[in-house]
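Heads up, the thing below is written out as structure tokens.
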């Protein structure tokens, strides 16, 4: 995890301005980062980056987790609700969680500190955290559904 602030991610990993257009270069970088993810995950990430709509976060989270879990666990992920437990139900260890978070940082262009990972127990925890994190990073541009923590 990076130890930077949301707004200062260091050289080569800056957060774009919320109003900035999603360029072909951005799309190529995103496609490269998600090259082993499903087409639906890639599409959700592209639409998120293009629109800033939090409606795409659940598909992105599910897709990133799906990429890293064992094939027999993927069916559980597609059928389950947000209460699905990362360790007990999906057999995600701490290293795998770090890999998922690194990819989420790259795709969503945010920084997540190690301390912020501690409360992650379920798929829903990750989704809620990212929605809240994105609201803090892009408060004017993110279209969060009502009731989402910010």
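The values are calculated or read from the model by the stated rules, or taken from the named source; none is laboratory data. Quantities reported herein were computed from a predicted structural model and do not represent experimental measurements. Positions of Cβ are backbone-derived with ideal geometry, glycine not excepted, and every protein chain shown enters the neighbour counts.
Tabulated data
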quantity	calculated
Some residue of the stretch 111-119 being closer than 17 Å to residue 42 by Cα and touching a helix residue (DSSP H, G or I) at 6+ places or on another chain (Cβ under 9 Å)	no
Which listed residue, of 7, 20, is under 18 Å from residue 129 (Cα atoms), modelled with pLDDT under 90 and surrounded by fewer than 17 Cβ atoms within 10 Å (Cβ to Cβ)	7
Residues within the stretch 63-88 that are surrounded by 15 or more Cβ atoms within 10 Å (Cβ to Cβ), touching a helix residue (DSSP H, G or I) at 6+ places or on another chain (Cβ under 6 Å) and part of a loop (DSSP other than H, G, I, E, B), tallied	1
